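Below is one structure; the comments refer to it alone.
The values are calculated or read from the model by the stated rules, or taken from the named source; none is laboratory data. Treat the numbers as computed from the prediction; the structure is a model and nothing was measured. Quick reminder, even Gly has a Cβ in these numbers, built from the backbone with ideal geometry, and neighbours come from all protein chains shown.
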């Protein structure tokens, strides 16, 4: 049995399916689950100062909205351990796994074609360097 499971979600329509599979994995022990969402940083490039919204303010707004969405998802699933993070998704999830000493990560795949696309680039990147079990939940292509 696992002692700490991270569920990495991207807020796509399939996120609930991934959470449901993680819940099946731990049964009634929802306290073992940690839901994580990673917001990628907005690249700051020369000339962005001409836009109406400051890139730092935009990043802040995106992170704020992600936090709100994650809180809604946590409440809907009775999961209280929530992590809204910023960074490159796979590396950030691996860092969280090391910090929490989680023994499993659950993440959605993508049902396209080809092995890399089938798993999704974040899932493939996460597998490289993972120091725990990684369960990829099959997710059909969203229409």
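Listed by first and then second residue, the pairs linking a residue in region 121-143 that is on the phi > 0 side of the Ramachandran plot and in a strand (DSSP E or B) to a residue that is surrounded by 12 or more Cβ atoms within 10 Å (Cβ to Cβ) and modelled with pLDDT under 90, with Cβ atoms under 6 Å apart and 6 or more places separating them unless they lie on different chains, form an empty list.
Residues that are in contact with a helix residue (DSSP H, G or I) (Cβ under 9 Å, 6 or more places away or on another chain) and either farther than 15 Å from residue 138 by Cβ or at pLDDT 95 or above (or both) within region 11-21 comprise 11, 16, 19, listed in sequence order. Just checking, how many residues over region 55-97 are more than 17 Å from residue 31 (Cβ to Cβ) and out of contact with any strand residue (DSSP E or B) (no Cβ under 7 Å at 6 or more places or on another chain)? Result for region 55-97: 17. Only one of the numbered conditions (1) surrounded by fewer than 20 Cβ atoms within 10 Å (Cβ to Cβ); (2) touching a helix residue (DSSP H, G or I) at 6+ places or on another chain (Cβ under 8 Å); (3) over 17 Å from residue 122 (Cβ atoms) is not met by residue 33, and that is (1). Among the residues of region 45-67, the ones that are modelled with pLDDT under 80 and exposed (fewer than 11 other Cβ atoms within 10 Å of the Cβ) come to 8 in all.
Among the residues of region 70-91, write down those that are outside any loop (DSSP other than H, G, I, E, B) and modelled with pLDDT under 95.
Just the residues of region 70-91 that are outside any loop (DSSP other than H, G, I, E, B), to begin with: 70-76, 82-86, 89-91.
If the condition is that a residue be outside any loop (DSSP other than H, G, I, E, B) and modelled with pLDDT under 95, then 89, 90, 91 are the ones that fit.
Please indicate, with yes or no, whether at least one residue in region 6-23 is more than 17 Å from the chain's Cα centre (by Cα) and either closer than 27 Å to residue 58 by Cβ or not in a strand (DSSP E or B) (or both). No - not one qualifying residue is present in region 6-23.
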